Structures are given as C-alpha cells and as structure tokens.
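Working notes, structure below.
Just so you know, all these numbers are worked out from the coordinates, no wet-lab data involved. Just so it is clear, the structure is predicted and the values come from calculations on it, not from any experiment. Positions of Cβ are generated from backbone atoms using ideal geometry, with glycine treated the same way; all protein chains shown enter the neighbour counts.
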Amino acid sequence: MQASEVASGSSLGRRERKKARTRAAIRHHAMRLFREQGFQATTVEQIAEAADVSQSTFFRYFPTKEAVILEDDLDPRMIRAFRSLPPEMGPMPAMRTAFKQVLAEMSAEEREEEWERNRLILETPELHAAMLDEWIRTIRMISRMLAERSGRDPDDPKVRLFAGAMVGVALSAMMTWAEDPSTDFYTLMDGALSYLEAGLPL
C-alpha cells in the first residue's frame, strides 16, 4: 500500500471519529433539553445552540427533531457483532450473543442515555406514530440479518415473522426497563429472547 493511501485511510478514520463525536454531542444536548424542558417545548434551534453547531449541521445528522430520539445508534454495532459470529451458530443464539457483546461495550453514560431515550419514546405521544416507521425499519433490518445467516430470502414470511416476534419481545423488555431503571437490561433482554426461543410458553 502506498503512503498516500495510508494517509487517506488515516484521515478518513479521523473524519469518521469527528462525525461520531458531533452526532453524540447533538444527541447528548438534545436529551438534556428534552429532560429539562420537555420534548414539545424544545426546538432544533435550541439543540443546535447547546451543541455549538449550526442548524444546517444538525440536519446533516438528524433529519428531524424526532429522529434524535428514534434513530438507534446501537443498530450498526449489533449488525457488526452479529455478522462476526460463526455461521453455524443459530439465529437466536447469535442474536443473544451479539446483544451481550454490544451491551458490554457500552459505557455507563451510554446506558443511561439509552434508558432515557426509551423512556421518552414510550411517554411522548408525538413520537408514537413515527415510532411505527422505526419498528418497521427494524423488522426489515433484522430480517436481512437472519436471511444472511440462514440462506433464506429476507421477504420470506417466516423470516419476517421471526423478526417481528423479536421486535415485539424487545419492545416489551424496553417497557419494563423504562418503568424500572434499576433492572439489569441485559438480564431482562436475554431472558426475553430466551423466552421467545422456548416458544413463549404460558
């Protein structure tokens, strides 16, 4: 590899890290303002000012104020962790293992912010309709991940049903966690996925 290529790759890495820091700062200040003022009373202008960025920069990272809450930055981590696991590992064990890896990498601050994000989603009526689109996107994302591992079509009704069941289980776990933040989220989520894997016996 030539020196110019190395420099270019290094520069790209720095740019990506800077973009990640800017995105995190915007979300951090938005969450603080939502907590202090309420979601409805907080404006994009206030968020941009608090994060020390322009409104145009805000919109480069988040298309709407709602997207600050709804977009899940853990998704790319989950996809990478899931794809890194041995192909012979079944879909559900792979999903549980990937989730455990991602959660173990999260800082205490990230976990706190994730809890706050989930609580706001559940408690803010303005977000509920938009959240349906996000859940549909998540079902499609999980369907693609499962299809890659199983060699099936992501539009296969059974693959999509499996993905939908996982999203439903995750939503139920999220509700419990939002109501009781002292609950260990990994134990809660892993137990929910284990229950799904067992066929949801009652």
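Among the aspartates and glutamates, which have Cα under 18 Å from the Cα of LYS65 when same-chain residues fewer than 8 positions away are ignored?
Partners within reach: GLU36, GLU45, GLU49, ASP52, ASP73, GLU113, GLU114, GLU116, GLU123, GLU126, ASP133, GLU134.
When the dipole is taken about the Cα centre of segment 1-143, and only Lys, Arg (+1) and Asp, Glu (-1) are charged at their Cβ, what size is it in debye, to the nearest 20?
Result for segment 1-143 is approximately 520 debye, rounded to the nearest 20.
Name the shape class, rounded, prolate or oblate, that the alpha-carbon gyration tensor gives for segment 124-202, where a ≥ b ≥ c are the square roots of its eigenvalues, rounded holds for a/c under 1.5, and otherwise prolate holds if a/b is larger than b/c and oblate otherwise.
Oblate is the answer for segment 124-202, as a/c is 1.5 or above yet b/c matches or exceeds a/b.
Once you put a point 7 Å from the Cα of LEU202 and another 7 Å from the Cα of ALA24, both along the Cβ direction, what distance in nm separates them?
4.3 nm
Taking square-rooted eigenvalues a ≥ b ≥ c of the alpha carbon gyration tensor, is segment 28-76 rounded, prolate or oblate, where a/c under 1.5 means rounded and, failing that, a/b exceeding b/c means prolate?
Oblate.
What chymotrypsin sites (Phe, Trp or Tyr not before Pro) does segment 142-202 have in DSSP loop regions with at most 15 other beta carbons within 10 Å?
Hits after loop and neighbour filter: nothing returned.
Which of the peptides 22-31, 109-118 is most tightly packed, and how do the rest follow, going by the mean number of other Cβ atoms within 10 Å of each residue?
22-31, 109-118
What shape does segment 100-148 have by the C-alpha gyration tensor, where a ≥ b ≥ c are the square roots of the eigenvalues, rounded means a/c under 1.5, and otherwise prolate means a/b greater than b/c and oblate the rest?
Oblate, because a/c is 1.5 or more while a/b does not exceed b/c.
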